[in-house]
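Data first, discussion second: the structure below is written as structure tokens.
Coordinate-derived values only; no laboratory data. Every value quoted in this text rests on a predicted model; they were computed, and no experiment measured them. Cβ placement follows ideal geometry from the backbone for every residue including glycine, while neighbour counts extend to all protein chains displayed.
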Amino acid sequence: MSDMVGIVIVSHSNDIAKGTADMVRQMVGGEVKVAFCGGDPDGGLGTNVGGIMDAINDAWSPKGVAILVDLGGAETNSEMAVEMLEPERRGLVVVCNAPIVEGAVMAATEAAGGSSLEQVRAVAEELSAG
Amino acid sequence: MTLQSDTFKSLVKEAAEQIIASAAELTALDQAIGDGDHGTNMRRGFQAVLTKLDTIGAQPLDEAVKMIGKTLVMTVGGASGPLYGSFFLAAGDALSHKKLPEDLAAVFGSGVAAVSARGRSQAGEKTMLDVLLPVLDILKAEAGRADLIERVRATATEAVARTAPMQATKGRASFLGARSVGHIDPGAKSSCVLLCAVCSTLEARQ
């Protein structure tokens, strides 16, 4: 499945992250790699840079990875995680400015059609543009 | 690098202990205008720094400062992790080719620039930058003055109070809009706690 953009879901809550990933898998199917990270390093509400890096690597595809986040800290921590990846992977990961659930489903649907990372991001971000 | 290794370790230890001691206050401030996790997150991050203190203290200064940054990034678990982490990562980078004390303002400035870039934030937005930027100005303007430590402490303390009337436009507090006015910013407060801890340690060693 390496010819499809991977999707990573980052929430402050493990339940939201996992639930969103479940929805994506059910609605889009299993072809697109979906990984998630929810909660802080102690398992409470929050975010976790190491966990986000692991999720990016789990969902890795040569076409890149699109990340969907919930609130500000998830975005900041996701950007930090991207910068800490191996240099050759950094340019192939984007954090989408989109609502987490709708964005993840739309991004995965677009990815399933073999679209590029920029196309996947654009489709997710159309949701924010209204 | 002229900073003695044992002085550096004392600085880091005092800063971490002061953050841990302030955790309840930081969380209370954050409950007023944020999501109420700033103290808990900072305590977790600086506890991790304390755990690694001997390893950190055994590194060359630039690597030691970067290790603090990486530890905070990986353990804090909120936006303050990447923000403080970026400060120390960038300051550590700067230390690899700059000298203390003469380049202190440049090193500190590298850290502040990284915070600004990471948070896409500027002065006046009710954030930690509203403490870090005035302190940077003092470091630039008054480097070498005998009372520099006292000036830094006074500047940081006054700068925290000045965040109260500001309206937040960045971070979670921005959701509150005008309701964020009247509360001091938790990130500004934690920056002040760290700076004051450094000042106290340096004074004690003079």
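Shielding by partners for A:60-72, please: the mean number of other protein chain Cβ atoms within 10 Å of each residue's Cβ.
Partner-chain Cβ atoms within 10 Å, mean over residues of A:60-72: 1.
Starting from the Cα of A:ASP54, step 7 Å along the direction of its Cβ; do the same at B:THR7; then give the gap between the two resulting points in nm.
Distance between label points: 4.1 nm.
Over 31 Å between C-alpha atoms is what I'm after, so list which of A:LYS33/B:LYS170; A:LYS63/B:LYS70; B:LYS13/B:LYS126; A:LYS18/B:LYS126; B:LYS66/B:LYS170 land there.
A:LYS33/B:LYS170; A:LYS18/B:LYS126
Search the structure for amide H atoms under 5 Å from the amide H of A:ILE9, placed 1.01 Å from N in the peptide plane, and list their residues when 5 or more places away or on another chain.
A:ALA35, A:PHE36, A:CYS37, A:LEU68
Taking Cα centroids, how far is region A:63-130 from region B:46-64 in Å?
Cα centroid to Cα centroid, the span is 34 Å.
Using only Cα atoms, tell me the angle between helix B:5-21 and the longest principal axis of chain B; keep it within 0 to 90° and round to the nearest 10.
Helix B:5-21 sits roughly 20 degrees off the main axis of chain B.
What does the structure give for B:26-35 when I average, per residue, the other chain Cβ atoms found within 10 Å of the residue Cβ?
1
Which parts of region A:6-41 would a label at B:THR51 reach, counting a residue when its backbone N lies under 15 Å from a point 7 Å out along Cα-to-Cβ?
A:40-41
If you fit an axis through the alpha-carbon atoms of helix B:186-205 and take the longest principal axis of the Cα set of chain B, what angle between them do you get, 0 to 90°, nearest 10?
30
Points 7 angstrom from Cα along the Cβ direction at B:GLU158 and A:LYS18: gap in nanometres?
For the pair B:GLU158/A:LYS18, the computed spacing is 5.3 nm.
Amide H to amide H, which residues 5 or more places from A:VAL93 or on other chains are under 5 Å from it, using H placed in the peptide plane?
Amide H to amide H, under 5 Å and 5 or more residues apart or across chains, A:VAL93 pairs with A:VAL65.
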